[in-house]
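Structure record follows, encoded as structure tokens.
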């Protein structure tokens with residue numbers, strides 16, 4: 001038997017297809033604000049840190065972005081936070097709060113990693129401080145880490161040590177005495193390593209070695225013809241002198257694939273799947289076809305287990321919160337339903353729930369059901385079933401990663417936006433009339449032995 005969750009639906013209004021994500025390589029909808037703060041670091045040091053945030057009103061975090069995921073970003077060796085001003089502004093424009101410290105540890109990458117965690121401490125404390133502009137502005141369970149070169153190494157080590165960091169996306173990281181490889185052996189959160197061709201400043205090509213050392217879920221994207229400097233924005237004078245000049249297109253590709261990873265894994269927005277996975281018709285596929293990037297990915301052993309870890313963190317193993325039949329956001333959609341439909345289980349999604357409607361065709365009315373489906377999970381099948389008495393159910397049409405299996409009693413229309421979520425409308429072939437018609441969804445976990453049902 002397979003775990004099954006069923007939803008029986010009544011007549012109501014019609015919805016539109018899920019919108020495609022905006023290109024994460026481009027600026028987002030918010031203006032940005034920034035401030036420089038002093039954060040207590042390790043060994044009694046003070047970290048001179050730039051904090052970027054989305055805003056509408058100067059000095060006020062944009063209400064529409066709340067609560068904001070957080071990203072900590074580490075600069076490279078002999079560089080500074082000045083090489084990542086545009087990265088901070090870019091991520092803030094897309095609704096993230098970003099902290100970029102000047103490291104005080106020099107070549108002590110372990111100490112620098114601890115200082116990234118000190119930045120996390122600081123923003124979490126500000127979230128609880130009613131006098132802070134960041135009061136209740138932080139999504140404290142959605143924190144990511146990135147960094148360039150040695151700063152990418154420090155981000156790796158910080159992620160291995162700090163369970164608050166939920167997603168990792170270093171930019172052309174280097175390793176030192178296998179510190180990064182050892183850290184990656186411990187990291188269980190999603191890892192995206194975006195990197196450049198080996199050149200004078202990364203001649204060993206250690207980013208590719210680090211990718212090989214990472215545990216699934218992991219993705220590696222090499223930006224074709226990029227050099228080490230392309231992961232800075234703006235590029236530093238020393239980097240340009242010793243590592244080569246930066247190219248705007250390659251800098252944009254770094255933004256696209258680092259930001260897309262965080263949009264998907266920190267915000268839980270399935271519409272960014274084309275910037276995470278190589279989906280047919282998606283942006284990753286287009287960049288591959290244009291020879292702008294190379295792509296490699298190893299998925300997690302359990303897709304739903306990873307989904308639980310992303311959304312619930314330390315509560316991922318608590319069945320009362322993260323279990324398939326739990327409803328922690330109290331929107332009357334249990335977790336397994338939200339997983340199958342590509343929704344966020346921590347944010348009420350009732351307005352995105354499946355619903356039934358009338359469809360007009362050939363001057364007749366037909367009963368129909370409309371729902372979204374996350375296209376990536378390969379462990380879920382969604383079936384639409386038809387009944388006239390609520391006792392006997394037509395086996396229905398089935399939709400899964402393997403494709404659709406239509407049923408002659410039903411007609412379906414699939415709206416694909418290339419967003420990782422498709423909208424499906426299924427109608428009965430017999431028009432509404434004297435006989436009542438009922439439609440329901442059955443969502444099946446293809447990996448489970450138990451059966452659960454809700455109606």
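Just a few scattered comments:
- Given (1) closer than 25 Å to residue 174 by Cα; (2) buried (at least 21 other Cβ atoms within 10 Å of the Cβ), number of the condition residue 48 does not satisfy: (2)
- When residues of segment 33-63 are limited to those that are free of Cβ contacts under 8 Å to residues at least 12 places away in the same chain and not in a strand (DSSP E or B), the one nearest to residue 141 (Cα to Cα): 63
- When restricted to residues that are closer than 19 Å to residue 81 by Cα and touching a residue at least 40 places away in the same chain (Cβ under 8 Å), segment 202-229 contains 1.
- Looking only at residues in segment 230-246 that are in a loop (DSSP other than H, G, I, E, B) and in contact (Cβ under 8 Å) with a residue 24 or more places away in the chain, the one that is surrounded by the fewest Cβ atoms within 10 Å (Cβ to Cβ) is 234.
- When residue 211 is tested against (1) touching a helix residue (DSSP H, G or I) at 6+ places or on another chain (Cβ under 8 Å); (2) within 17 Å of residue 146 (Cα to Cα); (3) at pLDDT 90 or above, just one condition goes unmet, and that condition is (1).
- Selection status of residue 312, outside any loop (DSSP other than H, G, I, E, B) and surrounded by fewer than 22 Cβ atoms within 10 Å (Cβ to Cβ): yes
- Residue that is modelled with the lowest pLDDT, among those in segment 22-42 that are out of contact with any strand residue (DSSP E or B) (no Cβ under 8 Å at 6 or more places or on another chain) and closer than 27 Å to residue 248 by Cβ: 22
- Every test in (1) assigned by TED's automatic domain parsing to the domain that holds residue 439; (2) farther than 12 Å from residue 443 by Cα; (3) at pLDDT 80 or above is passed by residue 371 save one, and that test is (2).
- In the set 110, 132, only one residue is without any contact (Cβ under 8 Å) to a residue 12 or more places away in the chain, touching a helix residue (DSSP H, G or I) at 6+ places or on another chain (Cβ under 7 Å) and in the same structural domain as residue 192 (by TED's automatic domain parsing); that residue is 132.
- Any hit, segment 192-211, residues being in contact with a strand residue (DSSP E or B) (Cβ under 9 Å, 6 or more places away or on another chain), part of a loop (DSSP other than H, G, I, E, B) and within 19 Å of residue 306 (Cα to Cα): no
- Taking the criterion of being surrounded by fewer than 23 Cβ atoms within 10 Å (Cβ to Cβ), assigned to a loop (DSSP other than H, G, I, E, B) and in contact with a helix residue (DSSP H, G or I) (Cβ under 7 Å, 6 or more places away or on another chain), the residues of segment 247-300 that qualify are 247, 268, 269, 277, 278, 279, 282, 292, 300.
The values are calculated or read from the model by the stated rules, or taken from the named source; none is laboratory data. The structure presented is a predicted model; accordingly, all values stated were derived computationally and were not measured. Cβ sites come from the backbone with ideal geometry, for glycine too, and all protein chains shown count toward neighbours.
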